[in-house]
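**Q** After the structure tokens below, expect a handful of questions from me.
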2 protein chains.
Amino acid sequence: MKTRIGILGYGNLGRGIECAIRETNDMELVAVFTRRNPQTVSILTEDVPVLPVSEILDWTDKIDVLMLCGGSAKDLPVQTPQYAKYFNVIDSFDTHANVSQHFANVDAAAKEGNKTAIISVGWDPGMFSLIRAYSNAILPNGSDYTFWGKGLSQGHSDAIRRIPGVADARQYTIPVPSALESVRNGEHPVLTTRQKHTREAFVVLEENADPKVIETEIKLMPNYFSDYDTTVHFIDAETLSREHSSMAHAGFVFRSGTTGPEHEHNHIIEFSLKLDSNPEFTTGVMIAFARAAKRLADMGQTGCKTVFDIPPALLCEQSPEELRSHFL
Amino acid sequence: MKTRIGILGYGNLGRGIECAIRETNDMELVAVFTRRNPQTVSILTEDVPVLPVSEILDWTDKIDVLMLCGGSAKDLPVQTPQYAKYFNVIDSFDTHANVSQHFANVDAAAKEGNKTAIISVGWDPGMFSLIRAYSNAILPNGSDYTFWGKGLSQGHSDAIRRIPGVADARQYTIPVPSALESVRNGEHPVLTTRQKHTREAFVVLEENADPKVIETEIKLMPNYFSDYDTTVHFIDAETLSREHSSMAHAGFVFRSGTTGPEHEHNHIIEFSLKLDSNPEFTTGVMIAFARAAKRLADMGQTGCKTVFDIPPALLCEQSPEELRSHFL
């Protein structure tokens, strides 16, 4: 019998989950839940109902894993604990500062409902977290480096859009090539925030807005931009939508560490991703962990987990024998 | 209390294990066992005994994990099943064709002794295997690529040394740069053996040996060289030992896969290693998995495991809370 997947929230992540399920032989989509009017939501899969979220609790016996496809700022802090009581759930919570609290809330709910939850699943947090953990265990004496981009940062784009006079904006995070090279060469550089990434913003102004004022406001914005070298381009709405709608992203994780009696040998572990679609890759990771959530739930291993707690074999459709013969 | 580690076999791997233990806070070396005369073996750690392997069974209560540092060809097929009955063990068995049989032998022995064994631990098999498993689970529709080098291949060097007239030899495996680039660019190339790697051999001849004959014999050797473009250099013994004693190695694993309703988005996962010391990195991986073996044994999870079966958190000295706050 296939693992029955439900989706809550049909945006980029929800659609990505739907596509990822089609690449498996052991999973099926059984329902999509939305806060919008279901009549207005059209999905790719035939014969799967789109339902108002108010009906979701009628499905507790008909869904093995519920994929929570909301945002980390407002949706997931509420939704994941709320639904972990009734379903095995996966989320992609990525607000790093609040992970402890989120974990505790979800763990309590999942244990109350005897369900399995896996939080913060995606590429970062997610695959990058795994690489950091593995490579720190292997090379305890060394340094970690993470670079993101080139790719669109939703949070930084939103921050620019909140400035009065800005009609729309996209912001790209870009790793500094010389910093990447220095890490790759085993130079163990100590890098400031400014030395690691640059930022590039494409902004559509409202009528009568002063580009000089807006540019200064962006560049001086604390936390988001003041620690970076930022380039600001003003363009029209049509150009923004034509040239800046790609969901491509990329990133790099390094561990550079030494071994030997005198720490005389250097080693570099590099993991990188080059993604045409950030949400589709993220949901590929989520669906693999959904397979694990079902298996853990079947074994009675309930409560909240993260990627660190999951044996890799549980992510794979292949049997243990197939894994050993094909991938070992 | 620290995890008590024993080492069987004090060559490059044994010394690497000894160094790796020094980088941890939760492990200690308690004994080294050797088939040589212990008087002739000098180790780095003070106050740790070097003992004949004949005494090893006196240590079953004094060692938590025994690190098997022999070779895959002759030592490990015998040693790992033999000692898995009495100790939790880690090996780096890498004869891919015989993994199933080795797994079955070790599993039976470990279960009989109520011990935990983890086999085929290192970088390939080991970390590369993990990346293949994770990335296939995430991108089921795609292709895998593994490249090794530039680095010394022990097996290929041995094969050359067996040719009559050859006094000594070293053989380097080298990835073809244009093949790497094609994979990295998402071109999904179909690559023959010859298109992926070249081979470079440095050979010391015995007196009166004919270099033309030896060169031809190397280049035509089935399995080892006939499918590759091989360059052969003849040098003297002193140059060989001066210029070709490095244990550096490197390697790359890629998954190039597509997602989306029409498979219109391509994604590239790349994992690479650049190692100054192949054995020291390998033993760094082995010591991390020794930590997991001890923890699994304490939980009563006995029998034979591979890297696919181990939750990453068990490899780490850090607590689950620290992992979530530092690495997630």
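The values are calculated or read from the model by the stated rules, or taken from the named source; none is laboratory data. Since this is a predicted model, take the numbers as computed values, not measurements. In this analysis, Cβ positions are derived from the backbone assuming ideal geometry, glycine residues included, and neighbour counts consider all displayed protein chains. For the accessible areas, the whole protein counts, side chains as well, though only heavy atoms, and no ligand, DNA or RNA atoms are used. Shrake-Rupley method; radii C 1.70, N 1.55, O 1.52, S 1.80 Å.
**Q** Note down the accessible area of A:R291, probe 1.4 Å, to the nearest 10 Å².
**A** 10
**Q** Continuing with this model, one more query. Quick one: dipole size for the protein assembly as shown, taken about the Cα centre, charges +1 on Lys/Arg Cβ and -1 on Asp/Glu Cβ, in debye to the nearest 20. Show your work: numbers first, answer last.
**A** Numbers: 60 positive and 84 negative charges, 174 e Å.
The calculation lands at about 840 debye.
**Q** Right, here's the next one. What's the local net charge at B:I118, with K and R +1, D and E -1, over the other residues with C-beta under 12 Å away? Intermediate results must be reported in sequence, preceding the final value.
**A** Working: positive: B:K115, B:R291, B:K294, B:R295, B:K305; negative: B:D91, B:D107, B:D309.
Surrounding charge for B:I118 is +2.
**Q** Name the long-range amide H neighbours of B:G70: under 5 Å, sequence gap of 5 or more, or other chain; modelled H, no Pro or chain starts.
**A** none
**Q** Report, by chain and number, residues whose modeled amide H sits under 5 Å from the one on A:T231, excluding near sequence neighbours (fewer than 5 apart, same chain).
**A** Correct list: A:R199, A:E200, A:A201.
**Q** If you put a point 7 Å past Cα along the Cβ direction, how far is that point for B:E207 from the same point in each other copy, in nm, smallest first?
**A** When each copy's label point is compared with this one, the spacings are 10.0 nm.
**Q** Would you look at the GNM of chain B, springs on alpha carbons closer than 10 Å, and say which of B:V30, B:V285, B:V48 moves the most?
**A** B:V48
**Q** What are the nm distances, shortest first, from B:Q301 to its equivalents in the other copies, labels at 7 Å along Cα→Cβ?
**A** 0.6
**Q** In addition: Enumerate the calculated ³J(HN,Hα) couplings along region B:112-120 in order (Karplus 6.51 cos²θ - 1.76 cosθ + 1.60, θ = phi - 60°), each rounded to whole Hz, writing x wherever the residue is Gly or Pro.
**A** So the J values, rounded to whole Hz, are 4, x, 6, 10, 10, 10, 10, 9, 6.
**Q** I would also like to ask the following. Could you pull out every residue, at least 5 positions away or on a different chain, whose amide H is within less than 5 Å of the one on A:N88? Hs are placed 1.01 Å off N in the peptide plane, and Pro or chain starts have none.
**A** A:L66, A:T116
**Q** Something else now. Could you name the lysines in cross-link range of A:K115, using Cα to Cα under 16 Å and dropping any fewer than eight places away on the same chain?
**A** A:K62, A:K85, A:K294, A:K305
**Q** For B:T306, B:T239, give the ranking by accessible area with the largest first, probe 1.4 Å.
**A** Values: B:T306 0, B:T239 25 Å².
The residues order as B:T239, B:T306, largest area first.
**Q** Can you compute the FRET efficiency between B:N185 and B:R36 using 1/(1 + (r/R0)^6), with r the Cβ-Cβ distance and R0 = 51 Å? Round to the nearest 0.05. Intermediate results must be reported in sequence, preceding the final value.
**A** Values: r = 51 Å, r/R0 = 0.99.
Plugging the Cβ-Cβ distance into 1/(1 + (r/R0)^6) gives 0.50.
**Q** Could you point to the residue in B:S135, A:T24, B:S272 farthest towards the positive end of the protein assembly as shown's charge dipole, with +1 and -1 charges on the Cβ of Lys/Arg and Asp/Glu respectively?
**A** Checked the options; the winner is A:T24.
**Q** Scale the Cα Rg of the protein assembly as shown by the rule-of-thumb value 2.2 N^0.38 Å and send over the ratio, two decimals.
**A** On the way: Rg = 27.0 Å, N = 656, 2.2 N^0.38 = 25.9 Å.
So the protein assembly as shown has a normalised radius of gyration of 1.04.
**Q** Turning to a different aspect of this structure: Which of the three applies to chain B, rounded, prolate or oblate, going by the alpha-carbon gyration tensor with a ≥ b ≥ c and a/c under 1.5 meaning rounded? Mind dumping the intermediate values first?
**A** Details: a/c = 2.02, a/b = 1.16, b/c = 1.75.
Judged from the Cα gyration tensor, chain B comes out oblate (a/c at least 1.5, b/c at or above a/b).
**Q** Which of A:A297, A:A209, A:A110 moves most in a GNM of chain A, Cα contacts under 10 Å?
**A** Its mean-square fluctuation being the largest, the pick is A:A209.
**Q** Which value, in Å², gives the accessible area per residue of region B:172-328 when a 1.4 Å probe is used on the protein heavy atoms? Write down the numbers at each step before the final one.
**A** Numbers: 6770 Å² over 157 residues.
I get 43 Å² per residue for region B:172-328.
**Q** Using θ = phi - 60° and the Karplus relation 6.51 cos²θ - 1.76 cosθ + 1.60, list the HN-Hα couplings for region B:40-51 in order, rounded to whole Hz, with x at every Gly or Pro.
**A** 8, 9, 10, 10, 7, 8, 6, 6, 10, x, 9, 10
**Q** Something else about it: Roughly how big is chain B's charge dipole about its Cα centre, with Cβ charges of +1 (Lys, Arg) and -1 (Asp, Glu), in debye to the nearest 20? Numbers along the way, then the final one.
**A** Numbers: 30 positive and 42 negative charges, 97 e Å.
The calculated dipole for chain B is roughly 460 debye.
**Q** Quick one: with label points 7 Å out along Cα→Cβ, list the inter-copy distances for B:A104 in nm, shortest first?
**A** Label-point distances to the other copies, shortest first: 5.2 nm.
**Q** With runs of 4+ DSSP H residues as the only contributors, calculate the mean residue ellipticity of chain A at 222 nm using -39,500 (n - 2.57) per run, divided by the residue total and rounded to the nearest 500.
**A** Numbers: 11 runs with 112 residues, N = 328.
It lands at -10000 deg cm²/dmol.
**Q** Still on this structure, I have one more. How large is the accessible surface of A:Y86 in square angstrom, using a 1.4 angstrom probe and rounding to the nearest 10?
**A** 90
**Q** From the protein chains alone at 1.4 Å, what is the descending order of accessible area for A:H96, B:H197, largest first? All intermediate terms of the calculation are to be shown ahead of the outcome.
**A** Details: A:H96 95, B:H197 10 Å².
Correct descending sequence by accessible area is A:H96, B:H197.
**Q** Please name whichever of B:G257, A:A167, A:I5 sits farthest to the positive end of the charge dipole of the protein assembly as shown, dipole taken about the Cα centre and charges placed at Cβ: Lys and Arg +1, Asp and Glu -1.
**A** Most positive-ward Cα: A:I5.
**Q** Show A:M67, A:M247 ordered by accessible area, largest first, where the area counts protein heavy atoms only and the probe is 1.4 Å. List each step's numbers first, then the result.
**A** Details: A:M67 0, A:M247 75 Å².
Heavy-atom accessible area, descending, gives A:M247, A:M67.
**Q** Estimate the FRET efficiency between A:V78 and B:N114 by the formula 1/(1 + (r/R0)^6), using the beta-carbon distance for r and 41 Å for R0, to the nearest 0.05.
**A** Numbers: r = 47 Å, r/R0 = 1.14.
Taking R0 as 41 Å, the efficiency between A:V78 and B:N114 is 0.30.
**Q** While we're on this one: Can you work out the FRET efficiency for the pair B:E321 and B:N98, with r the C-beta to C-beta distance and R0 = 35 Å, to the nearest 0.05?
**A** Once rounded, the FRET efficiency stands at 0.25.
**Q** Please say if region B:184-328 is rounded, prolate or oblate, where rounded means a/c under 1.5 for a ≥ b ≥ c the square roots of the C-alpha gyration tensor eigenvalues, and otherwise the choice is prolate for a/b larger than b/c and oblate otherwise? Please report the intermediate quantities before stating the final value.
**A** On the way: a/c = 2.75, a/b = 1.55, b/c = 1.78.
Oblate is the answer for region B:184-328, as a/c is 1.5 or above yet b/c matches or exceeds a/b.
**Q** Along region A:212-218, what does the Karplus equation 6.51 cos²θ - 1.76 cosθ + 1.60 (θ = phi - 60°) give for ³J(HN,Hα), rounded to whole Hz, x for Gly and Pro?
**A** Once rounded to whole Hz, the list reads 4, 5, 5, 4, 5, 4, 5.
**Q** Using 0.36 nm per residue, how much length does the chain from A:N141 to A:E264 gain when fully extended, once their Cα-Cα distance is taken away?
**A** Length gained, A:N141 through A:E264: 43.1 nm.
**Q** Please give the net charge around B:I63, taking every other residue with its beta carbon less than 14 angstrom from that of B:I63, where Lys and Arg add +1 and Asp and Glu add -1.
**A** Working: positive: B:K2, B:R4, B:K62, B:K85, B:K115, B:K294; negative: B:E28, B:E55, B:D58, B:D61, B:D64.
Charge balance near B:I63 sits at +1.
**Q** Given +1 on the Cβ of Lys and Arg, -1 on the Cβ of Asp and Glu, and no further charges, what dipole in debye does region B:1-141 carry about its Cα centre, rounded to the nearest 20?
**A** Working: 12 positive and 16 negative charges, 53 e Å.
That gives region B:1-141 a dipole magnitude of about 260 debye.
**Q** While we're looking at this one, here's another question. On the full set of protein chains, 1.4 Å probe, figure out the accessible area of A:S246 and give it in Å² to the nearest 10.
**A** Only protein atoms counted, so the area is about 60 Å².
**Q** Classify region B:188-267 from the C-alpha gyration tensor, please: rounded if a/c falls under 1.5, else prolate or oblate depending on whether a/b exceeds b/c. The partial results should precede the final answer.
**A** Values: a/c = 6.03, a/b = 2.33, b/c = 2.59.
Oblate, since a/c reaches 1.5 and b/c is not below a/b.
**Q** Gap in Å between the Cα centre of region A:179-230 and the Cα centre of region A:40-119?
**A** 35
**Q** First select every other residue whose beta carbon is under 13 angstrom from the beta carbon of B:H197; then total the charges, Lys and Arg +1, Asp and Glu -1. Show your work: numbers first, answer last.
**A** On the way: positive: B:K150, B:R194, B:K196, B:R199; negative: B:E200, B:D227, B:D229.
Residues near B:H197 contribute +1 overall.
**Q** Which longest run of chain A has no exposed loop site in it, a site being GluC sites (Glu not before Pro) in a DSSP loop with at most 12 other beta carbons within 10 Å, and the site itself not part of the run?
**A** Values: sites that count: A:E46, A:E187, A:E206, A:E207, A:E262, A:E264.
Maximal segment without exposed cleavage sites: A:47-186.
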